[in-house]
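Quick notes on the structure that follows.
Bear in mind these aren't lab numbers, they're just calculated from the coordinates by the rules spelled out. From a predicted model like this one, the values you see are computed outputs, not experimental measurements. For neighbour counting, all protein chains shown are included, and Cβ atoms are generated from backbone atoms with ideal geometry for every residue, glycine included.
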Amino acid sequence: MDDTVETSVGVAVGYDVSADLSVGVYYASNDVAGDNYGASASYVMGAMAVDVYYDHVDLGDMEQFGFNASYAVSSDLTVYAGYFDADGEIGADEGGYAGVVYAINENLSATVSFAEADEIDGPEFKDGTSIFLSASF
């Protein structure tokens, strides 16, 4: 990739260990931001999904790790929770989130959440307590 500001070259590899478990790793060499690398694992069993991840960014010597979990209570209701630790990331050292998303219909959903940072994992929950409707057209 070259966007006239930075040139990046990288590789990512994923492997399905079983029908329920997948793992992946990546490495990227960037002209400006330095090297990035990380690993992740995902486990899905029925209505439950759990992800863990680790990322390292040379620029600022930042390391980030965390986990995400979700459980589909029904076809309309999903519960999310997670935690992250982002050493060196401005405004997001560590925290967690929990939320519930209810699909009212195909185009409308309601969300209630609490998060300790903006747009962390899950469906990009916002910092603090939030209640909102989302519509697609």
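Summary table below
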read-out	value
Residues D85 and T7, FRET efficiency given R0 of 22 Å [Cβ-Cβ distance, rounded to 0.05]	0.15
Selected from E124, E116, E106 as most flexible by GNM, with the chain as the system and alpha-carbon contacts under 10 Å	E106
The range 35-46 - phi-based ³J(HN,Hα) in whole Hz, Karplus 6.51/-1.76/1.60, Gly and Pro as x	7, 10, 8, x, 8, 8, 9, 10, 10, 10, 9, x
Backbone HN-Hα couplings from phi across the range 3-9 [Karplus 6.51/-1.76/1.60, Hz, Gly and Pro as x]	10, 6, 9, 9, 10, 10, 10
Local electrostatic count, A39, Cβ distance below 14 Å [Lys/Arg +1, Asp/Glu -1]	-3
Student exercise, the chain dipole from Lys, Arg, Asp, Glu Cβ charges, in Debye to nearest 20	740
HN-Hα J in Hz across the range 123-135 - Karplus 6.51, -1.76, 1.60, θ = phi - 60°, x for Gly and Pro	x, 6, 4, 9, 4, x, 8, 10, 9, 8, 10, 10, 10
The range 1-102: GluC sites (Glu not before Pro) in DSSP coil with no more than 13 other Cβ atoms inside 10 Å	E6
Most mobile listed residue (A98, A28, A69) in the chain, GNM with C-alpha springs under 10 Å	A28
Residue-count net charge about S8 - beta-carbon cut-off 9 Å; Lys, Arg +1, Asp, Glu -1	-4
